[in-house]
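Here is the structure we will look at.
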Amino acid sequence: LLLAGCSYDDPLLEDSYKPISVNERHPIRVEKAPVKVGIRTPAGSLSDEQKNAVYNFATEARRHAASRISIKWPSGSRASREAAQVIGQTLVDHGIPHSMIVLSSYPGSSTQPIQMSFERKVAITEECGDWSENLSITRSNRAYPNFGCAHQQNIAAMVANPEDFERPRAQS
């Protein structure tokens with residue numbers, strides 16, 4: 001009996017970690033995604049509808065831009081260059097600083113649009129739909145692989161500011 005206490009078996013360690021919480025199984029990631037708008041101006045001037053599109057773009061950029069705002073015009077059109085400068089001035093008039101606006105050209109003809117773009121942060125999760133386990137046989141009382149995925153998708157879709165997942169806001 002005394003010698004039996006000196007012998008021991010090495011404990012078996014499990015190398016694979018299985019996430020337990022919904023946040024671990026279906027994490028919400030914050031990534032940058034492009035916002036793009038194209039405006040065709042063959043005459044070189046903006047219609048009222050196009051001006052409204054530029055105002056809406058400026059509002060979105062002021063709220064959500066995580067990068068500089070790029071305005072590109074087709075190099076084959078002088079009228080498009082003038083319209084791009086008008087668009088840049090409209091953005092400045094709408095509260096976007098000059099330092100955030102980059103004007104450049106791309107190879108193209110006058111029939112191609114002026115391209116406005118910026119990057120914003122978005123919250124994303126993985127796709128739902130992992131039905132690899134039989135839900136009618138659950139003797140281990142563990143959550144199935146898809147459990148909580150739709151909940152995480154909804155939270156990611158409803159968040160007002162995806163940066164809230166990265167760091168907290170200042171106290172008010």
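Placing unit charges on each Cβ (+1 for Lys and Arg, -1 for Asp and Glu) gives the chain a dipole about its Cα centre, and among 66, 26, 160 the Cα reaching farthest toward its positive end belongs to 66. Of all DSSP bridge pairs formed entirely within the chain, close to 70 percent run antiparallel. Close amide H contacts of residue 101 (hydrogens built in the peptide plane, cut-off under 5 Å, sequence separation of 5 or more or a different chain): 69.
Compute the accessible area per residue over the chain, keeping the other protein chains in place, probe 1.4 Å, unit Å².
Working: 12280 Å² over 172 residues.
Using a 1.4 Å probe on heavy atoms only, each residue of the chain averages 71 Å².
Contact order for the chain, expressed relative to its length and based on alpha carbon pairs under 8 Å spaced 6+ residues apart, stands at 31 percent. To put it simply, the accessible area of the chain at a 1.4 Å probe is 51 percent carbon and sulfur.
Between the beta carbons of residue 130 and residue 154, assuming R0 = 22 Å, the FRET efficiency works out to 0.80 to the nearest 0.05.
Can you compute the charge dipole magnitude of the chain about its Cα centre, using +1 on each Lys and Arg Cβ and -1 on each Asp and Glu Cβ, nothing else charged? Give it in debye, rounded to the nearest 20. Mind dumping the intermediate values first?
Values: 19 positive and 19 negative charges, 193 e Å.
So the magnitude is around 920 debye.
Cβ-Cβ distance of residue 85 and residue 161, R₀ of 25 Å, FRET efficiency by 1/(1 + (r/R0)^6): the value works out to about 0.20.
Would you mind checking the tilt of helix 78-93 against the longest principal axis of the Cα atoms of the chain, expressed as 0 to 90 degrees and rounded to 10? In the chain, helix 78-93 runs at an angle near 60 degrees to the longest axis. Working from Cα pairs under 8 Å separated by at least six residues, relative contact order for the stretch 63-151 is 37 percent. Restricting the chymotrypsin sites (Phe, Trp or Tyr not before Pro) of the stretch 80-167 to loop positions (DSSP other than H, G, I, E, B) with no more than 16 neighbouring Cβ atoms within 10 Å leaves 131, 147.
Do you know the Lys pair count in the chain for C-alpha distances under 22 Å, with sequence separation 8 or more or different chains?
On the way: 32/72; 32/121; 36/51; 36/72; 36/121; 51/72; 72/121.
Close lysine pairs under the 22 Å cut-off: 7.
Using heavy-atom solvent-accessible surface (probe 1.4 Å) with all chains present, what is the largest-first order of 55, 144? Show your work: numbers first, answer last.
Working: 55 105, 144 75 Å².
Descending order: 55, 144.
The values are calculated or read from the model by the stated rules, or taken from the named source; none is laboratory data. For clarity, every value in this text was computed on a predicted model and none was experimentally measured. Don't worry about glycine lacking a Cβ; one is built from the backbone with ideal geometry, like all the others, and counts go over all protein chains shown. Heavy atoms of the whole protein, side chains included, go into the accessibility calculation; ligands, DNA and RNA do not. Shrake-Rupley method; radii C 1.70, N 1.55, O 1.52, S 1.80 Å.
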